[in-house]
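The values are calculated or read from the model by the stated rules, or taken from the named source; none is laboratory data. Predicted model only: the values in this text are computed from it and were never measured. Cβ: placed from backbone, ideal geometry, glycine included. Neighbour counts: every protein chain shown. Protein only, heavy atoms only, side chains kept; ligands, DNA and RNA dropped before computing areas. Shrake-Rupley method; radii C 1.70, N 1.55, O 1.52, S 1.80 Å.
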Amino acid sequence: MKKLIVANFKMNQNLNEAKQYFTKFVANFKGERANVIFCPPFVSLSLANYFLQGTPIKLGAQNVNEEEAGAYTGEISANMLKSVGAEYVIIGHSERRNKFKESDKLINKKIKTSLKNGLKCILCVGESAIDKNSGKTSEIIRKQLEEDLKGLYENELESVIIAYEPIWAIGTGNNASVKDVEMVAKIIRKVIYENFSEKASRDIQLLYGGSLNEKNYQALLGSNGIDGGLFGGVSLKVDSFLNIANSVR
Ligand code: 13P
């Protein structure tokens, strides 16, 4: 099966930079080894959609509001994202949980609104360094998953991808080990098994994210139970990301 490679550009790249990036990526992506999803900032979604149309590359957003529409100045709805060609949305990224104080309850609402509007969700979970050092990884991951996915029907889970992104590994150059990733992949599948079904726990796609780079991605994405990766910093370098997307095993 092809690996799933997701790029989260975070708050980087203006429209001109996006134009240059997508022109080069689309011209050089071979598409033999990976399925790719780009999550650029909101303002570049339309432009990215223009470049990605007619290619197998998919588009996603980095955030969505939990309400359908209304007086929410500065916010973006799931319906708007669909209308500019986004098929996916990242929800529950640790930067949103920590810097924007998003709770599991809010994340649960965002997932439900997104699914209702036909957007697939990339749900991020992960523990802090303090949690890890005090042996609480399993407990934290379980709590996040159970609260974030509360009330979902099993068939809705087919539109959810889960990314394990340990907070201590994001943007630090300090990636998790294959052993860490395999242990957490097992925990995630166990929680899905207990809350949904054996089939759901087998079928759900799991990603690893956190300081992935050209040197470590093959080993980390080769971890047992992992279907792909969520890339931050390195995805902004078009040559590096092309190399990853064209060479992943
Ligand atoms: P880095 O790859 O820059 O560590 O970021 C990972 C991430 O947060 C992707 O969502």
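For the range 135-249, what % of the accessible area comes from carbon and sulfur atoms, probe 1.4 Å?
Values: 2540 of 5270 Å².
Carbon and sulfur atoms account for 48 percent of the accessible area of the range 135-249.
For the range 2-66, rounded, prolate or oblate, judged on the Cα gyration tensor with a ≥ b ≥ c (square roots of eigenvalues), a/c < 1.5 rounded, else prolate if a/b > b/c?
On the way: a/c = 1.89, a/b = 1.27, b/c = 1.49.
Judged from the Cα gyration tensor, the range 2-66 comes out oblate (a/c at least 1.5, b/c at or above a/b).
Only helical DSSP H runs with n ≥ 4 go in: add -39500 (n - 2.57) per run for the chain, normalise by residue count and round the 222 nm mean residue ellipticity to 500 deg cm²/dmol. Intermediate results must be reported in sequence, preceding the final value.
Numbers: 11 runs with 103 residues, N = 249.
The helix-only estimate for the chain comes to -12000 deg cm²/dmol at 222 nm.
Between residue 138 and residue 105, how many nm apart are label points set 7 Å from Cα along the C-beta direction?
2.9
What's the Kirkwood radius of the range 99-175 in Å, using all Cα pairs? Write out the running numbers ahead of the final one.
On the way: mean 1/r = 0.0746 Å⁻¹.
Evaluated on the range 99-175, it is 13.4 Å.
Across the range 112-127, in residue order, what do the Karplus-derived ³J(HN,Hα) couplings come to in whole Hz, using 6.51 cos²θ - 1.76 cosθ + 1.60 with θ = phi - 60° and x for Gly and Pro?
Running phi through 6.51 cos²θ - 1.76 cosθ + 1.60 with θ = phi - 60° gives 5, 5, 5, 4, 4, 8, x, 9, 8, 10, 10, 8, 9, 10, x, 9 Hz.
Counting just the Cα atoms, what span does the range 90-249 cover along each of its three principal axes? Round to the nearest Å and put the largest first.
40, 36, 32
Karplus couplings for the range 73-90 from phi (6.51 cos²θ - 1.76 cosθ + 1.60, θ = phi - 60°), rounded to Hz, Gly and Pro as x?
Per-residue couplings from phi come out as 3, x, 9, 10, 8, 4, 4, 5, 4, 4, 5, 9, x, 6, 10, 10, 8, 7 Hz.
Within the range 222-246, what residues put their amide N at less than 15 Å from the label point 7 Å along the Cα-to-Cβ vector of residue 214?
Within reach of a label on residue 214: 233-246.
Once amide H atoms are placed 1.01 Å from N in the peptide plane, what residues at a sequence separation of 5 or more from residue 89, or on another chain, have their amide H within under 5 Å of its amide H?
61, 120, 121, 122
With r defined as the distance between the Cβ atoms of residue 182 and residue 16 and R0 fixed at 25 Å, what FRET efficiency is calculated, to the nearest 0.05? Don't skip to the end; give the middle numbers.
On the way: r = 41 Å, r/R0 = 1.65.
The formula returns an efficiency of 0.05 here.
Just the number please: accessible area per residue for the chain, 1.4 Å probe, all protein chains included, in Å².
On the way: 12020 Å² over 249 residues.
Per residue, the chain has 48 Å² of solvent-accessible surface.
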